[in-house]
Amino acid sequence: MQKQSPTAAGKTSYDLADADLFWRALPVTPGMTVLDLGCGVGRYAIPLSAKVGPAGAVIAVDLWAEGVARLRETLAASGIRNVETHVAEARALPLAQGTVDLCLMATVLHDFAADGGDDAVITEVCRTLKPEGILAVVEFIKQEGPPGPPERVRLSPAEVGAKLLPFGLTPSGAVVGLGAHLYYEPFRRLRGAAST
Ligand SMILES: C[S@@+](CC[C@H](N)C(=O)[O-])C[C@H]1O[C@@H](n2cnc3c(N)ncnc32)[C@H](O)[C@@H]1O
């Protein structure tokens, strides 16, 4: 039987985002540990590696083995050494508790929500975030595509907020439009919120 790829394997939203607006809004600084959850071939992970610099680290995770293999090739070819890669399930991250400053979920939350696995993924994200760590969400504007998934599976900022708030993840900034297709919103994990 043919092995099934994870939902949306092979897709990236990076080229749909206004890069200037995104990088201005993302609170990434040198020395941070950043988790790129659902990294695909690493379109976000590669520029993130430059933003965190040699004192920081990017942990790139995807269940899609072929995408992670392509990212590893890119890293080797470009001599990038501060990106750690994992073929792993988002619901069972191979990371220690409280180690991540910033988790980026770039156009992946709606897929987890459509599969019914979003609560388990958010629980894992909260476990791995440091106290007051940030979950940075990029999602498709709720409108009919293409590009992007059908409108019925897209999540509005209100729907994202309603999913994250019960986990102690609260909006920590404004919703930022990233052009015609995407928006960005950061959520901060409240100090003392349950980690599992
Ligand atoms: C729409 S793509 C986004 C990729 C990347 N964030 C980007 O925009 O360049 C969604 C990614 O989530 C990954 N994915 C889907 N289900 C997953 C799961 N259960 N665990 C880990 N990754 C998963 C897919 O393989 C795919 O690479």
> Among residues other than Pro27 whose Cβ falls under 11 Å from its Cβ, what is the net charge (Lys/Arg +1, Asp/Glu -1)?
Replying inline: +2
>> With only alpha-carbon pairs counted, each pair once and no self-pairs, how large is the Kirkwood hydrodynamic radius of segment 14-189 in angstroms?
In response: 16.1
> In nanometres, what is the gap between the two model label sites at Glu144 and Arg24, each 7 Å from Cα along Cα-to-Cβ?
Replying inline: 3.3
> Stretch Glu73-Ser5 to full length: gain in nm at 0.36 nm per residue minus the Cα-Cα span?
Replying inline: 22.5 nm
>> Between segment 42-78 and segment 139-175, how far is it from one alpha carbon centroid to the other, in angstrom?
In response: 25
>> Give me the count of lysine pairs in the chain whose alpha carbons sit under 27 angstrom apart, restricted to pairs 8 or more positions apart or on different chains.
In response: 7
> If you count, for each residue, the other Cβ atoms within 10 Å and average over each peptide, how do 27-34, 103-110 line up from highest to lowest?
Replying inline: 103-110, 27-34
> Charges only on Cβ, +1 for Lys and Arg, -1 for Asp and Glu: so what's the dipole of the chain about the Cα centre, in debye to the nearest 20?
Replying inline: 360
> Helix-derived [θ] at 222 nm for the chain: sum -39500 (n - 2.57) over DSSP H runs of at least 4, divide by residue count, nearest 500?
Replying inline: -8000 deg cm²/dmol
> Can you name the helices of the chain, as whole DSSP H runs, whose Cα span along the helix axis is 18 Å or more and whose Kyte-Doolittle mean is not below -1.0?
Replying inline: 65-78
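Before anything else, pin down the relative contact order of the chain: Cα pairs under 8 Å, at least 6 apart, normalised by residue count, whole percent. Let's see the in-between values first.
Numbers: 383 pairs, mean separation 39.2, N = 196.
Relative contact order of the chain: 20 percent.
All of the numbers you see were taken from the coordinates with simple rules; none came from a lab. Since the model is a prediction, treat every value here as computed from it, not as a measurement. Reconstructed Cβ throughout: ideal geometry from the backbone, glycine too, with neighbour counts over all protein chains shown.
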